[in-house]
Amino acid sequence: ILDEQDNVRALLDLDAVIESTVQRSKDEIALEELSEFNKVIISMFDLSKEIFRDKDMSRLNQLNDLENMTDEFKIKFSTNHYDRIKNKKCVFELSPYYSNILVELERVADHLNNIGFSIVNPVGDENK
């Protein structure tokens, strides 16, 4: 499973995809937001792998804090984006792509959190 996680992490190097999509929209703020989001996701990949491999319960709070940060990013960056749409500071036609990327990145974060917490609970839910 750890080798597969490395493969997925390599695929998640979204900087090129993000930059391509956002450059077409001419929305530099969106590019900065998604890059920030992506950095947290990459950190979560590395941390969840280490937690799972080493069965290191002491780092679960750190992983959960990062996941909570992604929840906040999704809300904050979505709000920022709608403000940019309202103020005509981005290309409206590309906005669904941006919104979908935010949702999917947050879902990845949820899964990474579940991987880490699976050492405590096989279903990976930190609330159990």
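The values are calculated or read from the model by the stated rules, or taken from the named source; none is laboratory data. Worth saying up front: this structure is predicted, and the values here are computed from it rather than measured. Cβ: placed from backbone, ideal geometry, glycine included. Neighbour counts: every protein chain shown. We work out accessible area using only protein heavy atoms, side chains counted, and drop any ligands, DNA or RNA first. Shrake-Rupley method; radii C 1.70, N 1.55, O 1.52, S 1.80 Å.
Tabulated results
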{"item": "Proximal lysine pairs, the stretch 24-124, alpha carbons under 16 Å, eight or more residues apart or interchain", "result": "6"}
{"item": "Asn61-His111 FRET efficiency (beta carbon distance; Förster radius 22 Å; 0.05 resolution)", "result": "0.75"}
{"item": "R0 of 30 Å, Cβ-Cβ distance Ser43-Tyr82: FRET efficiency to nearest 0.05", "result": "0.65"}
{"item": "Order of exposure, largest accessible area first, which applies to His81, His111 with probe 1.4 Å", "result": "His111, His81"}
{"item": "10 Å binning of all Cα-Cα separations within the stretch 46-128, expressed as whole percents from 0 upward", "result": "18, 38, 22, 16, 6"}
{"item": "Linear extension gain, Glu93 paired with Ser118, 0.36 nm per residue minus alpha-carbon span", "result": "5.0 nm"}
